[in-house]
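So the structure is just underneath, and the comments pick up after that.
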Amino acid sequence: MNLKNIKYIILDMDGCCYHPKYLKSLFGQVSVRMTDFISLKLGIEKTKAKEIQQEYFYKYDTSLNGLMKNYPDLINAAEFLKYVHNINYDCLEKDEELREELIKLDVKIYCATNGSKEHAINCMKKIGIDDLFEGKIMDIVDFKFKPKPNPESLKLMCDKFQIPSNEETVYIEDIAKNLSSDTAKGMIKVWFKNEEPINNIDKYKHVIDYKIDNLALFLKKIRLLKEK
């Protein structure tokens, strides 16, 4: 896999644009809001709501997808996304190193998230990179509520931005399962290492070409290779 020939990068939001070390603080809030939403909408205790939330996440790739499939008359997707992302983003910090490498790297970079565009922008504003992704974010609404790794979601992104599904494209995810998308088969696939329980690395190691723990340093590596 030759990183020197990279022309495009598709980057996940949570646990990639910001480091996975912030997931507990940030996505922990989202998880609590999801539980509350499910409890309110389904009229059930929070303990049961939490069970449904986790079951659907693993079975349907997002809790929202499971709710829409099982309770189509009760769940409004826009309401769900707005409610669960009404959180405090103060745990995130400016990432000057990442911003510098994003600016210096001569490739086209896009963000693909199973969350909402509003959430992605809120995160990017705290990191200090939101202006670099204007018009370059696709969210679960853009994916027609078919979450990654559904091959149709990534295909919609590739079609919209004319991104080739070959080795000119790097695809970076913190959830290894998402790298298994058929649309990503020909891309260079990168896993941002983390300890999240969803990551069964033995099961998905065959789809991982690179493992990273620092996005800015990885982008710098690509830039230096391209400058040779």
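Every read-out reported here was derived from the displayed coordinates using simple, explicitly stated rules and does not represent laboratory data. Because the structure is a prediction, the values reported are computed rather than measured. With ideal geometry, Cβ positions are generated from the backbone for all residues, glycine too; neighbour counts draw on all protein chains shown.
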Exercise for review: Please specify each residue of region 51-72 satisfying the condition of being surrounded by fewer than 18 Cβ atoms within 10 Å (Cβ to Cβ) and either farther than 24 Å from N150 by Cα or not aromatic (F, W, Y) (or both).
Suggested key: E51, Q54, E55, K59, K69, N70, P72
Review point. Of the residues that sit in region 98-143 and are of a type in the set (V, I, T) and over 17 Å from the mean Cα position of the chain (by Cα), which one is surrounded by the fewest Cβ atoms within 10 Å (Cβ to Cβ)?
Key: I103
Check your understanding: Going through region 170-197 one residue at a time, which ones are over 14 Å from the mean Cα position of the chain (by Cα), more than 19 Å from L215 (Cα to Cα) and in a loop (DSSP other than H, G, I, E, B)?
Key -> K185, G186, P197
Revision key, fill the gap. E167 passes all but one of the listed conditions (1) more than 14 Å from the chain's Cα centre (by Cα); (2) surrounded by fewer than 18 Cβ atoms within 10 Å (Cβ to Cβ); (3) of a type in the set (D, E, K, R); (4) part of a helix (DSSP H, G or I); the exception is number (4)
Point to revise | region 2-38 - residue that is touching a Lys or Arg at 6+ places or on another chain (Cβ under 9 Å) and under 20 Å from C158 (Cα atoms) and, of those, surrounded by the fewest Cβ atoms within 10 Å (Cβ to Cβ) | key: N5
**Study point:** So Y83, is it surrounded by fewer than 20 Cβ atoms within 10 Å (Cβ to Cβ), under 22 Å from N150 (Cβ atoms) and not polar (S, T, N, Q)
**Key:** no
**Study point:** Pairs, first touching a residue at least 60 places away in the same chain (Cβ under 8 Å) and farther than 10 Å from T35 by Cα in region 49-75, second surrounded by fewer than 20 Cβ atoms within 10 Å (Cβ to Cβ) and of a type in the set (V, I, T), C-beta under 9 Å, six or more apart
**Key:** F57/I198; Y58/I198; L64/I75; M68/I75
